[in-house]
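Structure first, then comments.
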């Protein structure tokens, strides 16, 4: 998923949200999905500091040096290197047809797109997919486990850790010489810029925003969109709120 | 005679079920029109781009957001159990601030157009009072973004109460954030932050 799409997703989701708010030290209630919240918040704050004082200035320089066209080529190159991992996980999840499409995409972009620098497959409307071993484990029935924030890597969960390790072994980028790997890190952070800026701009509590959106987004990817109508829509509204209809009718928007 | 009674009963039941199905179709049609109306106005504002300033976009979007969203109910849901702890004045203030912020957010972010469009994919009735409209935001050079709307029937017709973008529920996201802030920092801190955000969006 490229940065523009991520921006759209987050901006549409968080369109009504607010900005960061300082903690007054009131005790936090334990969230069932996030029993390690206190530690996670500490790591989140550390990551945020590293991003603000190290990653963000470096990436600003990277974006300034690299012309847009070249930056786009770098993104295409690294997206193409993710394809073998996707194809493998397509197979492990029993998505033979999608594996075929992804293989075709990889072949076209590698051979006709100068090693993936040009996304030729997109001109042929061949859809881009992203599958990883965490999703495969989920499809196999492995529970997600508790939410975690990893130092430097960000939002995660117990199941994601073995997933990341397997994916790292399957990604050609990890076997490249270190300057290529470094370029990959710059590219990934650069692509996340719009989304990270947006979160900082609108979130009331960026930590909670990140956690909630990450967990829902991963469920959406794993269930191929099926989670939407089951888990997210109804929110026990009927029984709780119907009795308050009258009260809400009396309260005005006041605009 | 017995056979005739059974036939009449069967015919009557069939008639009733068809009537119910027709009513459901009519309701889903009305609900999808609400979504369509909102998306059309959003696109209209985007298409006017920089010709409109923030205040003009706000004024243009205000009626359609109020008409298509149940802002009072959304506000009620996103503060969850904290709602019962608020005074009537606080509830009123929160609804007013949240409604302003909602419109201001749309006015701030939807100010340019580069060929985007919306398409309604499907509509289904989840329960007599709830309809789910599945749409896509079509981006000219990118993958479509899935945008689902949950509408609830109110005394004023069908109103949007949740938007789910690529599987991420706006209502669930807000609820987790707002509750967290109220519990950690209190109601006044939330209002202060909302006010600051409205001001920032308007600049």
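Derivation of every value follows stated rules applied to the coordinates shown; laboratory data play no part. Note that this is a predicted model, so its numbers are computed, not measured. When we count neighbours, we look across all protein chains shown, and the Cβ atoms used for this are built from the backbone with ideal geometry, even at glycine.
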Please list, by residue number, everything in region B:52-82 whose backbone N is under 16 Å from a paramagnetic label point 7 Å out along Cα→Cβ of residue B:154. B:62-79
May I ask you to order A:68-75, A:158-165 by the average number of other C-beta atoms within 10 Å around their residues, highest value first? A:158-165, A:68-75
Per residue of B:108-116, how many C-beta atoms from partner chains lie within 10 Å of its own C-beta, taken as a mean? 2
Residues B:165, A:60 arranged by fewest to most Cβ contacts within 10 Å: A:60, B:165
How many angstrom lie between the Cα centre of region B:141-173 and the Cα centre of region A:68-103? 30
Starting from the Cα of residue A:65, step 7 Å along the direction of its Cβ; do the same at residue A:252; then give the gap between the two resulting points in nm. 6.0
For chain B, the Rg and Dmax computed from alpha carbons only, in angstrom: 21.0, 79
The residues A:136, B:87, sorted from fewest to most surrounding Cβ atoms within 10 Å, come out as B:87, A:136
For region B:2-202, what's the relative contact order in percent, using C-alpha pairs closer than 8 Å and at least 6 residues apart? 23
For region A:154-217, what Kirkwood radius comes out of the mean inverse Cα-Cα distance, in Å? 13.8
Ranked on Cβ counts within 10 Å of their own Cβ, fewest leading, A:220, A:44, A:53 go A:53, A:44, A:220
Here the Cα Rg-to-2.2 N^0.38 Å ratio for region A:47-167 is 1.25
Where does each of B:65-75, B:152-162 land if you order them by average Cβ count within 10 Å, highest first? B:65-75, B:152-162
Which of B:127, B:99, B:169 moves the most in a Gaussian network model of chain B with Cα springs under 10 Å? B:127
Residues of region A:132-167 with amide N under 13 Å of a point placed 7 Å along Cα→Cβ from residue A:54: A:151-154
Per-residue mean of C-beta atoms belonging to partner chains within 10 Å, peptide B:64-72: 2
How high is the relative contact order of region A:73-158, given as a whole-number percent (alpha carbon pairs under 8 Å, six or more residues apart)? 27
Under 19 Å from the residue B:44 label point (7 Å along Cα→beta-carbon), backbone N, region B:97-116: B:103-116
Length-normalised contact order for region B:90-177 - Cα pairs under 8 Å, 6+ apart - percent: 16
Partner shielding of A:48-54, taken as the mean number of other chain Cβ atoms within 10 Å, equals 0
Could you state the number of Å between the C-alpha centres of region B:180-195 and region A:133-209? 30
